[in-house]
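Since the structure comes first, as structure tokens, the remarks are kept for the end.
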Amino acid sequence: MELKGRAAVITGAASGIGRGAALEFARRGASVLVSDLDADGAREVADEIVAAGGTAKPQQADVSAEDAFVSLREAVLAAFGRVDLVMNNVGVLTRGLPEHLPIDEWRRVLEVNLFSVVRSHAVFVPHFLKQGSGHIVNTASFAGLFTYAYDRQPYAASKAAIVQITEGLRLYLEPQGVGVTLLCPGPVRTNISAGVRTFGPETVTRSPGAAYVAKMPDQVGVRLADAVERNEFMVYTDDKVVEELVARAGDWNGYIARKVAEISGS
């Protein structure tokens, strides 16, 4: 799907990966509804796109609200007269050892990270099926593909669920003319950690590994836009992750044993 002349909704677009995608999609000729809980941030990104000669409108939205995506669909149709792409990109993070994380915190993270995607699909899948075209992008994470930490379980669980949901959606929608892309970022320089909640004692924030160098959001935006235009399913921010996944799949018991030894220092 060529992005030129299309209309896109991007959630979590005031900063980080969402901002990078919004700027790149607009650079390629898409009209972008820049959505975020941070209304001022969304307005700044929309203004930046317009100043560069693109087309964008800001829209404040709380993706944990039941009617959030109905409102977003109506807003993009009112602004641009069409909708061709939705990118579900909101994510929140919490940190704490398993015995210290309250059940309510699990609910909060899953409500924002996972059920926002479910709510989005409930609104946009029927719309795209009716018009016979469209594209859905869901943002997951390396944390949803393999485990490298045990103090962020709600986040990792939400992202693993998004991987499965998105893969199933691709199998269903591809034959019906609707594209589906799964973005799985590794380390990216975003501000997701700024609002992290911590429970219990401080923990060591483990990364997926020293081999993975943090990317910039604009690099991710370019990579994602290329994938959407080629109708690719999986987008990694670092292709080295493939070796990691192959090693785990080839000997999952051995892989976990090595990880335990690595973390425990034995």
- Considering only residues that are of a type in the set (A, V, I, L, M) and in contact with a helix residue (DSSP H, G or I) (Cβ under 9 Å, 6 or more places away or on another chain), look in the range 51-63 and name the one that is nearest to Gly5 (Cα to Cα). Ala56
- Message: Being crowded, with 17+ Cβ neighbours inside 10 Å, within 24 Å of Asn231 (Cβ to Cβ) and of a type in the set (A, V, I, L, M) narrows it down to one residue among Val118, Val163, Val112; which is it?
- Response: Val163
- Item | Selection count, the range 121-134, where residues are surrounded by 15 or more Cβ atoms within 10 Å (Cβ to Cβ) and on the phi > 0 side of the Ramachandran plot | 1
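May I ask you to say which residue of Val70, Val45, Val50, Val118 is within 30 Å of Ala149 (Cα to Cα) and without any contact (Cβ under 8 Å) to a residue 60 or more places away in the chain? Step through it out loud before you land on a result.
On the way: Val70 fails: within 30 Å of Ala149 (Cα to Cα); Val45 fails: within 30 Å of Ala149 (Cα to Cα); Val50 fails: within 30 Å of Ala149 (Cα to Cα).
Unique residue meeting the criteria: Val118.
Could you list, in sequence order, all residues of the range 205-248 that are free of Cβ contacts under 8 Å to residues at least 12 places away in the same chain and closer than 20 Å to Phe146 by Cα?
Result: Ala210, Asp239, Val242, Glu243, Val246, Ala247.
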- Query: Within the range 194-208, restricting attention to residues that are hydroxyl-bearing (Ser, Thr, Tyr) and out of contact with any Pro (no Cβ under 7 Å at 6 or more places or on another chain), which residue is modelled with the lowest pLDDT?
  - Reply: Thr205
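Can you spot a residue in the range 77-84 that is in contact with a helix residue (DSSP H, G or I) (Cβ under 6 Å, 6 or more places away or on another chain) and without any contact (Cβ under 8 Å) to a residue 60 or more places away in the chain?
Kept after step one, since they are in contact with a helix residue (DSSP H, G or I) (Cβ under 6 Å, 6 or more places away or on another chain), are these residues of the range 77-84: 83.
Of the ones still in play, those that are also without any contact (Cβ under 8 Å) to a residue 60 or more places away in the chain are none.
No, every residue in the range 77-84 fails to be in contact with a helix residue (DSSP H, G or I) (Cβ under 6 Å, 6 or more places away or on another chain) and without any contact (Cβ under 8 Å) to a residue 60 or more places away in the chain.
The values are calculated or read from the model by the stated rules, or taken from the named source; none is laboratory data. Bear in mind that the values here come from a model prediction, so they are computed numbers and not experimental data. FYI the Cβ positions are ideal-geometry reconstructions off the backbone, even for glycines, and counts take in every protein chain you see.
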